[in-house]
Amino acid sequence: GVPVLFVVPWVVLRYLFENEGCWERNEKVAVWWVIRCPILVAVAVNFVVFVRIVRILVAKVRAHQVSRGDTRLRLARSTLTLIPLLGVHEVVFALAGEGEGGGGLRLAR
């Protein structure tokens, strides 16, 4: 239910100030940040959780006396599993422009 606290004001602001054609355009920056700030906070929290989990994984992998190659493989596999699960890839694109334009980062997104 928490997203409703951000979505309803965003919808009202979009309806009142930017209700022109498609809602995918973000011409008024203030209205865009009403919905984008909670998304960025969620991405930041997920990134912190990801870093803490990776630190725990590194500690656990080092605690077991295993061969060096197997340790790296296990750590890489678990880390690569967590990246899409927690949305860490979104950190790279978090501040990429949503509006018009053809920047390389926006194109990659």
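The values are calculated or read from the model by the stated rules, or taken from the named source; none is laboratory data. None of these values were measured; they are calculated from a predicted model. Note that we place each Cβ from the backbone using ideal geometry, even for glycine, and neighbour counts take in every protein chain shown. Remember, those area values only see protein heavy atoms, side chains included, never the ligands or the DNA or RNA. Shrake-Rupley method; radii C 1.70, N 1.55, O 1.52, S 1.80 Å.
Residue-by-condition table, conditions (1) β-branched (Val, Ile, Thr); (2) at pLDDT 65 or above; (3) within 11 Å of the chain's Cα centre (by Cα); (4) surrounded by 11 or more Cβ atoms within 10 Å (Cβ to Cβ):
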position	(1), (2), (3), (4)
63	no, yes, no, no
80	no, yes, no, no
90	no, yes, yes, yes
98	no, no, no, yes
101	no, no, no, no
106	no, no, no, yes
It is to be established whether one or more residues within region 15-29 are open to solvent by less than 70 Å² (accessible area, probe 1.4 Å) and part of a helix (DSSP H, G or I). no
Tabulated pairs, region 72-94, first closer than 12 Å to residue 54 by Cβ and assigned to a helix (DSSP H, G or I), second open to solvent by less than 90 Å² (accessible area, probe 1.4 Å) and of a type in the set (S, T, N, Q), C-beta under 7 angstrom, 6+ apart or interchain: 86/46
